[in-house]
Each structure stands twice: as structure tokens, then as C-alpha cells.
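One structure is given below, encoded as C-alpha cells.
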Amino acid sequence: MTIDAEAVRNDARRYLRATADTVRAVEEACLDDIVSAAAILVTSLSAGGKILICGNGGSAADAQHLATEFVSTLTTDNVRPSIPAIALTTDTSLLTAIANDFGTEGMFERQVESLGRQGDVLIAISTSGNSANVIRAAERARGFGLSVIALTGASGGVLAPLADAAVLVPSTVTAHIQECHLAVEQLLASLVEDALYPRSGRDLEPTTSTD
């Protein structure tokens, strides 16, 4: 089997340009919301709060990635105290028990009830904004006095109105929404780390990775 290398190259170019266009659109449409989200996180953490993060599928992977950046460190050139963050997507025994006992819609809500405290922050990630288990977690978080940050797509779905700050990626293409969520998550981690533990020169593009 052979492939048309030029056709594949053109497809790849179109895809990458669409990704870049969506990132630029996020800069235009979402910058103030990103700054608001960072401020919510810094306020909570400065007062002794913690971050809970949830999402499904690729967004579950994002939750784990972002929690890792907070708890470990973004870079080894700015080693700082650990920032408390918990991905609610990792404990398979707990997730399956809750799903079995309460249904999959409750798998994050139940953890917010157990782990969340007034003044904490829930980062709720859903490309559609309509994931039932993420919505229920956001509702429970608000009832418990947590702030809610939503990362979602263009419509915002049911989730965005529940949030104190909502970053609505201006796209309906799941892949491009997820790519931009990752960029926003890395940016939030950088902004929070820089606010709490500034590196010299306020450089938000460190050169040394820990991965």
C-alpha cells in the first residue's frame, strides 16, 4: 500500500493551520476569561485552598496533566513548593464503585462532596459543556462554596453558566477544542505559578522541561 505524500502533506498543513487559527481565536475571544480564571485560582491557593479537576476521555487526561503540573512543577528551573491539586479521574476503584452505586453521573459529584471545602476551586472540563457528570460536579461545588472554572467549547452548554469563569474555545471541532484546552491549562499553570512563586524576569516560557 502506498500513500500520496503530497496529499497527506496538504491535509496535515490544513489541519495545523486550523489548529493555529483556533489558538489565535482563543487569544482574541478568551483572554479576559483566562485572566479571571487565573485570579480565582491564585486567590483560593493564597488562602489555603486547593484545586479539584474533572473531565471525561481526553478531558480526563487533561485533568491529570494539569494536576501534575501544579503538584510537581512546570520546570526544574523554578522549583517551588507544591501547589495542591487533585484530578478526580484517576482512582479506578473509586470511580467504578461510585458508578456502580450511584451511576456514572455521580462519579465526580461524590468526590467533590468528599474532598471539596469552601474556598477551593473546581476546574470542570467538557468540550460540549453538556457532560452530565461534570455538570453535577459543578452544581455540587457551587453548593459547597467552591469556585468553578469551566473549560468548554463555543456554546458553553449547560456548564458555562455554572462557572465563575468560563473559557469557551470558539470552535465546534472537538479536536481543536481539546488542543486549545491544553494550551489554556498550561497557561493557567504558568500564570498561577508565576503569581505565587515568581521566577526572575517573569519569564512565562521556561526552557527546561520536567517531562
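The values are calculated or read from the model by the stated rules, or taken from the named source; none is laboratory data. Values in this document were obtained by computation on a predicted structure and should not be read as measured data. Quick reminder, even Gly has a Cβ in these numbers, built from the backbone with ideal geometry, and neighbours come from all protein chains shown. We work out accessible area using only protein heavy atoms, side chains counted, and drop any ligands, DNA or RNA first. Shrake-Rupley method; radii C 1.70, N 1.55, O 1.52, S 1.80 Å.
Compactness ratio for the chain: Cα radius of gyration over 2.2 N^0.38 Å (N = residue count) comes to 1.06. Computed from phi, the 3J(HN,Hα) profile of the stretch 142-148 under the Karplus parametrisation 6.51, -1.76, 1.60 (θ = phi - 60°) reads 4, x, 8, x, 8, 7, 10 Hz, with x in place of Gly and Pro. The share of Cα pairs per 10 Å bin across the stretch 56-130, counted from zero up to the longest distance, runs 17, 45, 29, 8, 1 percent. Among Arg110, Arg199, Arg136, the largest mean-square fluctuation in a Gaussian network model of the chain, built with springs joining Cα atoms closer than 10 Å, belongs to Arg199. With a Förster radius of 35 Å applied to the C-beta separation of Ser82 and Ala132, the computed FRET efficiency comes to 0.65. Karplus-based coupling profile of the stretch 88-95, in residue order and whole Hz: 8, 10, 9, 8, 5, 5, 5, 4, with θ = phi - 60° in 6.51 cos²θ - 1.76 cosθ + 1.60 and x standing for Gly or Pro. Remark: C-alpha extents of the stretch 122-179 on the principal axes read 33, 19, 16 Å, sorted largest to smallest. When the accessible area of the chain is computed with all protein chains present and a 1.4 Å probe, what percentage of it is carbon and sulfur? Here it works out to 53 percent. Note on the chain: with a GNM built from Cα contacts shorter than 10 Å, the maximum mean-square fluctuation among Ala60, Ala12, Ala175 falls on Ala12. Round to the nearest 10 and report in Å² the accessible area of Thr104, as given by a 1.4 Å probe over the protein chains' heavy atoms. Surface accessible to solvent at Thr104 totals approximately 80 Å².
Summarising the label geometry, the points placed 7 Å from Cα in the beta-carbon direction at Asp91 and Thr2 lie 5.7 nm from one another. Rounded to the nearest Hz, the phi-derived 3J(HN,Hα) couplings of the stretch 183-194 under the Karplus curve 6.51 cos²θ - 1.76 cosθ + 1.60 (θ = phi - 60°) are 4, 5, 4, 4, 5, 4, 4, 5, 5, 5, 4, 5, where x marks glycine and proline. Of the listed residues Thr19, Thr152, the order by accessible area with a 1.4 Å probe, largest first, is Thr19, Thr152.
Based on DSSP H runs of at least 4 residues, each adding -39500 (n - 2.57), what is the mean residue ellipticity at 222 nm of the chain after dividing by all its residues, to the nearest 500 deg cm²/dmol?
-17500 deg cm²/dmol
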